[in-house]
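Below is one structure, written out as structure tokens; comments come after it.
Coordinate-derived values only; no laboratory data. Owing to the predicted nature of the structure, the values given are computational and were not obtained by experimental measurement. Cβ coordinates were reconstructed from backbone atoms using ideal geometry, including for glycine residues, and neighbour counts include every protein chain displayed.
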Amino acid sequence: MSRRTRRERTSAPFEASGTARCTVTVCRGCCCGTTAKVPRLDHEAQLTDLRAALVGIAAIRRTDCLDVCERANVIVVQPSTEGRVAGGRPVWLGQVNDPGAAADITAWVRDGGPGLAAPPGILDLYAFQPSRRVRAELHDE
């Protein structure tokens, strides 16, 4: 698993008001984002669609391996500042391998994301808790 650079750790995605927006981290490391692991998905199109659907609403971040390869493709939705204050915590979603799941994630983030809006019930099928070591690598615990 690679560590984020100092610039990535210190620069947060902010709204015009100065508060941090939700961040959607999309794993595109050794297993996530490859046709060897998930052959029927256009991985680049999924990332492009998320970016287009959430422009101005959330920061979309592509990252190397999050070290939960058995759950490829992995997406982590981190709360906005307001969502964090309201009790929201990062939500890890695995096996996000169909357009419907990405659309559900997009709708949830548009509604406010963790702490501000309840996720669509279908996302319960994708949610999981990674180990503390893996969560610490994302620097958000």
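Asp104 versus (1) assigned to a strand (DSSP E or B); (2) surrounded by fewer than 21 Cβ atoms within 10 Å (Cβ to Cβ); (3) in contact with a Leu (Cβ under 6 Å, 6 or more places away or on another chain); (4) not polar (S, T, N, Q): which is the lone unmet condition?
(1)
In region 18-28, which residues are crowded, with 19+ Cβ neighbours inside 10 Å and either part of a loop (DSSP other than H, G, I, E, B) or without any contact (Cβ under 8 Å) to a residue 24 or more places away in the chain (or both)?
Taking region 18-28 first, the residues crowded, with 19+ Cβ neighbours inside 10 Å are 21-28.
Passing the criteria: Arg21, Arg28.
Which one of the conditions (1) free of Cβ contacts under 8 Å to residues at least 60 places away in the same chain; (2) assigned to a strand (DSSP E or B) does Ala118 fail to meet, given that it meets all the rest?
Here Ala118 clears every test but (2).
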